[in-house]
1. Can you compute 3J(HN,Hα) from phi for each residue in the stretch B:261-271, using the Karplus curve 6.51 cos²θ - 1.76 cosθ + 1.60 with θ = phi - 60°, rounded to whole Hz and x for Gly and Pro?
2. Based on alpha-carbon centroids, what's the gap between the stretch B:219-276 and the stretch A:8-40 in Å, whole number please?
3. If I take R0 = 35 Å and measure r between the Cβ atoms of B:Phe274 and A:Trp133 in this structure, what FRET efficiency does the formula 1/(1 + (r/R0)^6) give, to the nearest 0.05?
4. Once amide H atoms are built 1.01 Å from N in the peptide plane, which residues 5 or more positions from B:Thr76, or in another chain, come under 5 Å H to H?
5. How much length is gained if the chain between B:Glu161 and B:Ala19 is pulled fully straight, taking 0.36 nm per residue apart and subtracting their Cα-Cα distance, in nm to one decimal?
6. Round to the nearest 0.05 the FRET efficiency obtained for B:Asp138 and B:Ile267 when R0 = 35 Å and r is the Cβ-Cβ distance.
7. Go through B:Pro60, B:Gln174, B:Ala241 and say which Cα lies farthest out towards the positive end of the charge dipole of chain B; charges sit on Cβ, +1 for Lys and Arg, -1 for Asp and Glu.
8. Got the relative contact order for chain B handy, in percent, Cα pairs under 8 Å and 6 or more residues apart?
Amino acid sequence: MNQPTVSFLARHEFLIRRLHSLTGIVPIGVFLCIHLAVNASVIEDVTAFQKAVYQIHSLGGLLPFVEWALIFLPILFHGILGVLILLGGSSNTGDYPYAENYRYLLQRATGLIAGLFILWHVFHMHGWFHFRWWIDGIAAPLGGALFRPFHAASTAGAALQNGYVTTLYLIGILASVFHLANGLWTAGITWGIWTSPNAQKKIWRFCAAFGIILAAIGTSALFGMRHAGKSETFETIQGIENRMYEIRVELGDIRSSEDKRS
Amino acid sequence: MTTSGKPASFEVRILRQDAPGEPSRWERFRVPYETDMNVISVLQKIAANPRTIDGRDVAPVAWESNCLEEVCGACTMVINGRVRQACSALVDQLLADRPGEIELRPMSKFPVYRDLVVDRQRLFRSLVRVRAWLPIDDYSDRGPGPRQSQAEQEQAYPLTECMSCGCCLEACPQFQKVDLSEYGEGTSDEQRNAAFDRSFLGAHAISQAMLFNGHPIGKTSAAERLDALMAEGGIQVCGNAQNCVAVCPKEIPLTTSIARAGRATTIHTIKKFFDH
């Protein structure tokens, strides 16, 4: 009998699925928590957030490598495999309307929403690539790459003034948070950490609480940022950011970089 | 409605199919109500008088049944949208949930032989894949086997109640029907098994693998079962919808077995990586 050629994906299905599960938590889940928490620091005051951004950008030329290796590539892997997983299932909540079955459906729906949102969000703020020709020729004309790290709160906030944009961000953040909180619960089953129905019920409550807290942090970050970009506050905040920049350049903490300002 | 609040008769809608690969069609029958009917007795009434509501005489509806006490799994079908055994599906309850009509369909994840009879070979193939048996292949007297502790017995017993009915597979959103039509007429056993072996095992087989891995003699081939669980279509396909445990008529803790298999394969992978 002719042995059908078994694809790479099929031969290593177990390890690839486990890697999918792992990347969802480390680094992506950890990154989401840090990302939302850092952005929420804008609520306290603009300088706190700007300080955190300076810390991230202290990596200098290494930053793009860190971004791609620890954030973008894991998300791309997780997302592409996620689409394959999505295509391999067929939801049946109509006939079997159980809570876990709805969560199975929601996990796939929020994954898809989060994936599309992240693609757009990274384009919108970051621009995907930081080659000059790409930013000037493609990303900026298409309304992307709006974030300037040394004017962090004011530029991020200015990009969030449109109500539709803010709504899409809110949907994207909540979808991502649900996907992480519920994914944490399913990952614990996948890896065999919580096995009994009783333990799974208890951990679900913990995951739900974690999700609610993270959603609150994410929502605060979004509206805090939106507030910072309002026309009434924009100038003041740019002033604060300019002063921080000048002092840092004077101290020699950073090299002057107009790319990261305008 | 009669004075007792029970209907004089009720309608039964059945998804019928004449032979494998043939198109399916709905037919409706009217069945006189009697007390204490189950879906098997409804099918017997229809077999005795196979005439549809619009007056056509048709071939009697084919179904499988055996024990009539929910321990053999033969009469598993989709009743009012939910997979279960026809013998333990009581008409009074079905009519209370959905007055006037009962809907019967064959399971959708297996090929239909005829009407409500399906071919569940894939279910048994999954058990072969995970070696769901004790590896004792001779007649020599080996003396008494190792003792099982009370705790081990209590963990194993519920898993032994599986009757291979297929409910967990029918309700699973990750368990997809295997399409054998690409092989055309006369699929060989090898072709069919090869197709089954690439597809998802299903909750029943994962649970049976854990049953035999927990058995003192079954343990001797635990690594082979774990390798089978980690092969293509193995435990990694599970999507944690947990419908299996919700529909299992024997209330087998299938999701616990799945999580335990998840733990065992995690450890097995680490061992293979570092001990090899």
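1. In residue order, the calculated couplings are 5, x, 5, 4, 6, 4, 5, 4, 5, 4, 4 Hz.
2. Distance between centres, Cα-based: 21 Å.
3. Numbers: r = 48 Å, r/R0 = 1.37.
It comes to 0.15.
4. HN-HN under 5 Å from B:Thr76: B:Ala86.
5. Numbers: separation 142, 0.36 × 142 = 51.12 nm, distance 3.21 nm.
Result: 47.9 nm gained on full extension.
6. Working: r = 31 Å, r/R0 = 0.88.
Rounded to the nearest 0.05, the efficiency is 0.70.
7. It is B:Ala241, whose Cα lies furthest towards the positive end.
8. Values: 436 pairs, mean separation 46.1, N = 276.
About 17 percent, as a whole number.
Each value in this text was obtained by applying a stated rule to the coordinates, not by laboratory testing. Only a predicted model underlies this, so the values are computations on that prediction, with no experimental measurement involved. Here the Cβ is made from the backbone with ideal geometry for all residues, glycine too, and neighbour counts use every protein chain on show.
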